[in-house]
Amino acid sequence: MENIATINDFIKLDIRVGTIIEAKVFEKARRPAYQLLIDFGSLGIKKSSAQITEKYTTESLIGKQILAVTNFPPRQIADFMSEVLVLGTYSEGGVILIIPDKPAQNGDKLG
């Protein structure tokens, strides 16, 4: 089996619940993407570039809770600094977001 991860690798990831408060088309991205503002409660509001345009409109994302890795280093994408990695599955027809089954507090940690 390739790329075996240890439990210590997983523990290093800080995966949190956030609520999308703003979404707009990322005009300067090389691949279709949205610029998101996400409220992570006590962690504050973070920015993310997400290639999720196939299955979601900007309007449908507002108020949606998502899971994101919050402790990767920021990544410059065109003129935008993406601070978190929104999690999703690469599925037929586009990315499907990983979302909490029930409402959760912004900033709740995956455990």
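Here are the numbers for the structure shown:
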quantity: Global form of region 1-44, assessed from the alpha-carbon gyration tensor, a/c cut-off 1.5; calculated: oblate
quantity: Charge dipole (debye, nearest 20) of region 35-111; +1 at Cβ of Lys and Arg, -1 at Cβ of Asp and Glu; calculated: 160
quantity: Solvent-accessible heavy-atom area per residue, rounded to whole Å², over the chain at 1.4 Å; calculated: 66
quantity: Directionally averaged projected area (convex hull, Cα atoms, the chain), nm²; calculated: 8.0
quantity: Charge sum, other residues only, whose C-beta stays under 10 Å from residue 22's C-beta, Lys/Arg counted +1 and Asp/Glu -1; calculated: +1
quantity: For a label point 7 Å along the Cα-to-beta-carbon line of residue 81, residues of region 1-40 with backbone N under 16 Å; calculated: 36-38
quantity: Cα gyration tensor, region 21-77 - rounded (a/c under 1.5), prolate or oblate; calculated: oblate
quantity: D_trans [Stokes-Einstein, Kirkwood Rh over alpha-carbon pairs] for region 52-111, 37 °C, 0.692 mPa s, µm² s⁻¹; calculated: 250
quantity: Sulfur and carbon atoms: percent of accessible area, the chain [1.4 Å]; calculated: 53
quantity: Per DSSP, loop GluC sites (Glu not before Pro) in region 1-106 with at most 13 further Cβ within 10 Å; calculated: 2, 27, 54, 92
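The values are calculated or read from the model by the stated rules, or taken from the named source; none is laboratory data. Please read all numbers here as calculations on a predicted model, not as lab measurements. Please note: Cβ atoms are built from the backbone with ideal geometry, for glycine as well, and neighbour counts cover all protein chains shown. Just so you know, the surface numbers come from the protein's heavy atoms only, side chains and all, with ligands and any DNA or RNA stripped out. Shrake-Rupley method; radii C 1.70, N 1.55, O 1.52, S 1.80 Å.
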